[in-house]
Amino acid sequence: GGTFTITYTIGGTCGDSDTETVTVLAAPSPAFTSSDPTGCPNHCVNVFESSAVCPNVIYDFGDGDSSSISAPSHCYDTPGSYSVTLYCIAANGCIGSITIPNMITIDSIPVADFTISPSSPIAPNTVVTFTDITSGGTSSFWNFGDIGSGASNTATGTTADHTYNNEEEFCITLVVANSGGCIDTARYCIIIVGEATIFIPNVFSPNGDGDNELFLVSSKNGSSATIRRLPM
């Protein structure tokens, strides 16, 4: 920017010259900052034009979206690094710009998953091993779902052992995180059930008095039973 004098001269005996003054308006020099430039998908960032020289602005957020608000908030839903550009339009119509490379970093979310051994149904007092097979995780937290069992119902680490004493259905939750603080959760349920038992009465009295009239076979933890009459 500045004021410049241009001189045009024609040489020779009959030469002549002329001058013109040209004024070049200086382009603005914008600057901007952002809040919390790292996060997980769906992370929102606020940006601020900090030079106070831009009555009109256009932000290019690097992901295909833009805004003409002076202090916008923008949310990123895809992992990656994003360069942000600010275009500053001064009152005289001149445009200045600034780009901050890789200003925003969005980390991936881990995909939580785990295996259980042995598989359900499981007998009481059996040691059950849980193995974290998460993709992209760096820390693991387990909740075994049996609050009040008398033993710790939580653990950390990629593998964990736990014993269930009571016959019931228990749901295990694994919470995993990565180095960027992004979190995912997996949850599976197992059934703890004892061995099948069967009770067969050795007498019954079908005499019409309403007491012990039927020959009733009962069982616990059984799904089916076959009764055969043995030959006399």
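Couple of notes before you dig in:
- For Y87, the solvent-accessible surface with a 1.4 Å probe is about 90 Å², rounded to the nearest 10.
- Taking the centroid of alpha carbons for each part, region 1-73 and region 83-129 are 33 Å apart.
- Dipole moment magnitude, nearest 20 debye, the chain about Cα centre, only Lys, Arg, Asp, Glu C-beta charged: 540
- Cysteines without a disulfide-compatible partner [the chain; Cβ-Cβ under 4.7 Å]: C14, C94
- Whether region 71-164 is rounded, prolate or oblate, judged on the alpha carbon gyration tensor where a/c under 1.5 counts as rounded: prolate
- Heavy-atom accessible area for F48, with the other protein chains in place and a 1.4 Å probe, reaches approximately 90 Å².
- Solvent-accessible surface ranking, highest first, for Y8, Y164 at 1.4 angstrom: Y8, Y164
- Local net charge near S97, Cβ-Cβ under 14 Å (Lys/Arg +1, Asp/Glu -1): -2
- For the chain, accessible area per residue (1.4 Å probe, heavy atoms of protein chains only), Å²: 63
- Cut-off 9 Å between beta-carbons: net charge of the residues surrounding L86, Lys and Arg +1, Asp and Glu -1: -2
The values are calculated or read from the model by the stated rules, or taken from the named source; none is laboratory data. Just so we're clear, the structure is a prediction, and the values are computed from it rather than from any experiment. No Cβ is skipped: glycine too gets one built from the backbone with ideal geometry, and neighbour counts run over all protein chains shown. All accessible areas refer to the heavy atoms of the entire protein, side chains included, with ligands and DNA or RNA removed. Shrake-Rupley method; radii C 1.70, N 1.55, O 1.52, S 1.80 Å.
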